[in-house]
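One structure is given here, and the rest of the page talks about it.
The values are calculated or read from the model by the stated rules, or taken from the named source; none is laboratory data. Note that the coordinates shown come from a computational prediction; the quantities given were computed from them, not determined experimentally. Counting neighbours? That spans all protein chains shown, and the Cβs are built from the backbone with ideal geometry, glycine included. Accessible surface is based on the protein model in full, side chains and every heavy atom, while ligands, DNA and RNA are left aside. Shrake-Rupley method; radii C 1.70, N 1.55, O 1.52, S 1.80 Å.
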Amino acid sequence: QGQVLLLAQLGDLVDGKAAAGVKDADSSEKALEAVTKVLAGCECKDVVNVVGNHELYNFSRERLGQLLDVSRGEKDGRTWFSFLPLEGYKLRIVVLDSYDNSTIESCKAEGTRRAVAYLREHNPNDVTSFGVDWSAGLDGLERRFMPYNGMMGEEQLAWLERSLEEAAGAGERVLVLGHVPLCPGVNRSDENIATSCI
């Protein structure tokens, strides 16, 4: 009823199967249209969309930007950014692109090559083929090295560090949004794991 100030959509707005193996397909557009039509009924001040792996299965980054404004007006089209959602409040929203470097579709071509090389270093399985048990022989946190995951590149990490330092200097609280956890273990109840990540 108009009391929601910010809607944060954290990715996977549509199912990866909507694409039927083809990016920017009519089926993907229809699936996205059905979901966004429902979300449009939410009376809120602001909406932010985060890139998830299923968005990248369905759409090229260019088309995704047109449909969901995942760069939120950044002049360079960058899909990580920050903003103050409430005037007069020291709350900064930091949005990250967990798929900056990924095997699905990176922000830049070299990011895809980097992601494949990185996965091959950390996962002994064939990470470039479907139908393979990508988790065979991997335990614990090693199971994060999967082709459906991604990673932030050095440029984004440096930007994040600067943004957090600036927010701290301005006395702002920060809410970080991304499709995958920024720090493994923080969603567990083990306080030692959470503390070691901070």
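List of remarks:
- Candidates Leu96, Leu67, Leu56, ranked by Gaussian network fluctuation over the chain, Cα under 10 Å, top entry: Leu67
- Here r is the Cβ-Cβ distance between Arg173 and Leu141 and R0 is 41 Å; the resulting FRET efficiency, rounded to 0.05, is 0.90.
- Global form of segment 1-116, assessed from the alpha-carbon gyration tensor, a/c cut-off 1.5: oblate
- Within the accessible area of segment 1-160 (1.4 Å probe), percent carbon and sulfur: 52 percent
- Accessible area per residue for the chain, computed on protein heavy atoms with a 1.4 Å probe, is 60 Å².
- The overall shape of segment 107-189, judged from the alpha-carbon gyration tensor, is oblate: a/c is not under 1.5, and a/b is no greater than b/c.
- Taking the helices alone, the chain has a mean residue ellipticity at 222 nm of -10000 deg cm²/dmol, built from -39,500 (n - 2.57) per DSSP H run of at least 4 residues and averaged over all its residues.
- Only lysines eight or more places from Lys30 in sequence, or on another chain, were considered; those with a Cα closer than 18 Å are Lys17.
- Of interest is the spacing of the C-alpha centroids, which for segment 27-45 and segment 110-142 amounts to 34 Å.
- Of the trypsin sites (Lys or Arg not before Pro) found in segment 26-94, those in coil by DSSP whose Cβ has at most 13 other Cβ atoms within 10 Å are Lys75, Lys90.
- Given R0 = 22 Å, the distance between the Cβ atoms of Glu110 and Tyr148 translates into a calculated FRET efficiency of 0.65.
- Total charge dipole magnitude, the chain, about the Cα centre, Cβ charges on Lys, Arg, Asp, Glu only, Debye to nearest 20: 140 debye
- Highest-MSF residue in the chain out of Val174, Val35, Val94 [GNM, Cα springs under 10 Å]: Val35
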